[in-house]
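Q: Have a look at the structure that comes next, please.
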Amino acid sequence: PMKYAGTQDYDHAGVGTTGVLLVNLGTPEAAEAGAVRRYLAEFLSDPRVIEVPAVLWWGILHGIILRLRPRRSAVAYRKIWQDDGSPLLLHTLQQARALHEHLRGMHVEPAMRYGRPSVQDGLERLRAAGVRRLLLLPVYPQYSATTTASAFDAVTRALRRWRWLPEFRMVLHYHDHPDYIRALAASVREYRAQQGAGERLLFSFHGIPGHYFLAGDPYHCECHKTARLVADALGLGADEWAVSFQSRLGPRAWLKPYTDKVLTQWARGGIRRTDVVCPGFAADCLETLEEVAIRYRELFVARGGESLHYIPALNARADHIEMLAALVATHAWSEPLTADPQRQERARQRGARR
């Protein structure tokens with residue numbers, strides 16, 4: 001039988017509050033092979049991420065990938081690991097704290113879709129804080145079933161064990177939100193004012209398998225719209241920017257063009273300096289700090305370019321936090337929660353403890 005999370009500590013005199021669960025992808029707990037293996041096992045077991053029948057995928061995952069990939073990935077993580085831990089986790093915690101301070105009257109908790117703090121842990125902290133309305137905020141600007149929908153899966157799976165469900169809403173995407181576009185453009189503008197500007201600006205997004213797009217996933221289109229709106233805001237000409245996709249895995253075709261192929265083409269074509277921004281990542285992580293800022297910089301120089309400059313993610317920039325707060329305000333409830341002054345007394349008469 002189902003064992004529900006109890007509500008015995010509910011206070012009938014309380015009003016309840018609105019909670020925001022801020023969810024990012026996840027990270028290993030340490031830059032070590034064992035921790036990376038546990039993280040990858042959870043991540044790559046998600047049917048939203050790998051759309052292969054489980055009976056076929058299990059052998060590949062456990063027989064090949066989890067035997068070989070964790071050691072290589074641990075080496076990459078060690079290149080970017082900070083004294084306090086994973087950059088993605090640290091930035092996410094900063095975002096949650098800043099958003100909590102900005103949203104007076106709401107409770108904000110961070111969570112990782114894979115790893116810790118888990119979605120279930122975040123939800124339990126919100127429940128303990130008396131949350132009766134829940135807004136799920138996956139910080140994936142462009143919607144994909146592999147990310148946004150997977151966060152929905154994790155939250156609703158955890159809520160299945162709650163006896164008393166909160167009211168529930170969800171932010172699906174914000175790829176063209178005006179404040180998001182302004183924050184991205186400002187970050188590029190400020191970086192180039194300090195470091196100079198490259199001959200071209202590359203918008204590099206995390207890829208997904210091409211057949212996911214053909215099956216109806218809108219991610220590809222939303223990435224292109226984000227890039228176009230930012231390029232327009234920066235006043236870039238058509239030959240001054242491009243869109244590409246990184247982080248492909250496996251032999252099947254992913255969204256194209258691939259970031260490494262574009263950079264190779266540009267370097268061999270005489271482009272001396274390029275700037276790269278990754279608008280699909282709300283916080284800097286392995287894919288931005290190691291893949292782009294280290295490996296792709298080395299690739300660009302090896303192919304004949306002179307320098308590649310990575311423009312950091314928005315992280316906990318003030319304009320990013322203000323944008324997220326505006327997003328919450330748009331999706332949250334306009335009517336306040338209200339209390340019945342006589343409810344606690346009536347409840348006590350019927351046997352309630354509080």
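Q: Please give the charge dipole size of region 70-196, origin at the Cα centre, charges +1 on K and R Cβ atoms and -1 on D and E Cβ atoms. Round to the nearest 20 debye.
A: 380
Q: Relative contact order of region 123-228, please, whole-number percent, based on alpha carbon pairs below 8 angstrom and at least 6 residues apart.
A: Details: 69 pairs, mean separation 37.1, N = 106.
Value for region 123-228: 35 percent.
Q: What whole-number distance in Å separates the alpha-carbon centres of region 209-283 and region 307-330?
A: Distance between centres, Cα-based: 19 Å.
Q: Could you tell me what percent of the DSSP beta bridges with both partners in the chain are antiparallel, to the nearest 5?
A: Roughly 5 percent of the DSSP beta bridges within the chain come out antiparallel.
Q: On a 1.4 Å probe surface of the protein chains, which of 278, 221 comes out largest in accessible area, and what is the full order?
A: In descending accessible area the options line up as 221, 278.
Q: For region 31-120, what relative contact order do you get, as a whole percent, if you take Cα pairs closer than 8 Å and at least 6 residues apart?
A: 31
Q: Okay, moving on. Percent relative contact order of the chain, based on C-alpha pairs within less than 8 angstrom and at least six residues apart?
A: For the chain, the relative contact order is 22 percent.
Q: Which whole-number value in Å² is the accessible area per residue of the chain, probe 1.4 Å? Spell out each step's value before the answer.
A: Details: 17150 Å² over 354 residues.
Value for the chain: 48 Å² per residue.
Q: Counting only protein heavy atoms and a 1.4 Å probe, tell me what percentage of the chain's accessible area is made up of carbon and sulfur.
A: Numbers: 8910 of 17150 Å².
C and S atoms contribute 52 percent here.
The values are calculated or read from the model by the stated rules, or taken from the named source; none is laboratory data. Treat the numbers as computed from the prediction; the structure is a model and nothing was measured. Reconstructed Cβ throughout: ideal geometry from the backbone, glycine too, with neighbour counts over all protein chains shown. These area figures cover heavy atoms from the full protein model, side chains too; ligands, DNA and RNA do not enter into them. Shrake-Rupley method; radii C 1.70, N 1.55, O 1.52, S 1.80 Å.
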